[in-house]
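Heads up: the structure comes next, in structure tokens.
The values are calculated or read from the model by the stated rules, or taken from the named source; none is laboratory data. Bear in mind that the values here come from a model prediction, so they are computed numbers and not experimental data. In this analysis, Cβ positions are derived from the backbone assuming ideal geometry, glycine residues included, and neighbour counts consider all displayed protein chains.
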Amino acid sequence: MDERLLLTTAVFDINKTGMLVTEDIDDPDFDTRTSQAGEQRHKGFEVAAQGAVSDKLFVMASAMNLHAVYEKDEHYQGNTPADVADWSANIWSRYELTHQLALNAGAFYEGERFADNENTIVKDAYTRVDIGASYKVKLSKSDINFRFNIQNVFDTEYLAGGGPSSVTVGDGRSYRLAIQIAM
């Protein structure tokens, strides 16, 4: 491949003990209780590729499958921990129009996952698309990079995190301009 492609993979089997778990409780003095869970087991694999398709086009992509489960836990035995998706993936590309100007675009996928450790509330899968551009100039002895990005181009509604009583809604369409000066 003329040293233009890097392929990586990882296979893992991780046991985690003593994880903190917060749960809602019906108590006049307290809303939640935090305790340590028994043991979680996370098994899965990830594959990734990155490389130059041509002298102007660069692409990175990865996908991960993750099976997580509570093991040896009196409350959640056999359940999936909150916010752990079976599948996630992303792809990112950069195309250089000139030596100064480049365009980029990417998509980020997060699979269906539970919002609670009891596995009673399901958060839908979603895909978010971002785009951007960068422009480089040389001024005196400094390199100046201008970057403009639009995150969540299609204003996709999604749940990014949180649990049954406090949900984190994903950001809507947003814009970012950054200027980097290297002297």
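Mind telling me which of the residues ASP116, ASP124 ends up being loosely packed, with under 13 Cβ neighbours inside 10 Å, charged (D, E, K, R) and out of contact with any helix residue (DSSP H, G or I) (no Cβ under 7 Å at 6 or more places or on another chain)?
Working: ASP116 fails: loosely packed, with under 13 Cβ neighbours inside 10 Å.
The unique qualifying residue is ASP124.
Answer yes if at least one residue in the stretch 66-81 is closer than 22 Å to TYR158 by Cα, among the charged types (D, E, K, R) and assigned to a strand (DSSP E or B), and no otherwise. So far as the stretch 66-81 goes, no, none of its residues is closer than 22 Å to TYR158 by Cα, among the charged types (D, E, K, R) and assigned to a strand (DSSP E or B).
Cβ separations smaller than 7 Å between residues 6+ apart or across chains give the following pairs from the stretch 133-146 residues that are within 17 Å of TYR175 (Cα to Cα) to residues that are exposed (fewer than 10 other Cβ atoms within 10 Å of the Cβ): PHE146/ILE179. Does the stretch 165-174 contain any residue that is in contact (Cβ under 8 Å) with a residue 24 or more places away in the chain, surrounded by 13 or more Cβ atoms within 10 Å (Cβ to Cβ) and either out of contact with any Pro (no Cβ under 9 Å at 6 or more places or on another chain) or on the phi > 0 side of the Ramachandran plot (or both)? Yes, because at least one residue in the stretch 165-174 is in contact (Cβ under 8 Å) with a residue 24 or more places away in the chain, surrounded by 13 or more Cβ atoms within 10 Å (Cβ to Cβ) and either out of contact with any Pro (no Cβ under 9 Å at 6 or more places or on another chain) or on the phi > 0 side of the Ramachandran plot (or both). ASN117 meets all of the listed conditions (1) under 17 Å from TYR175 (Cα atoms); (2) among the polar types (S, T, N, Q); (3) touching a Phe, Trp or Tyr at 6+ places or on another chain (Cβ under 7 Å) but one, namely (1). Here is a list: ALA89, ALA85, ALA68, ALA105. Which entry is under 21 Å from LYS123 (Cα atoms), among the hydrophobic types (A, V, I, L, M, F, W, C) and more than 15 Å from the chain's Cα centre (by Cα)? So the residue among ALA89, ALA85, ALA68, ALA105 that is under 21 Å from LYS123 (Cα atoms), among the hydrophobic types (A, V, I, L, M, F, W, C) and more than 15 Å from the chain's Cα centre (by Cα) is ALA68.
With a cut-off of at least 1 residues that are under 18 Å from LEU66 (Cα atoms) and at pLDDT 95 or above, name the strands (runs of 3 or more DSSP E) lying wholly within the stretch 85-179.
Values: elements: 87-96, 101-110, 126-139, 142-151, 159-162, 167-169.
Ranges flagged: 87-96, 101-110, 126-139.
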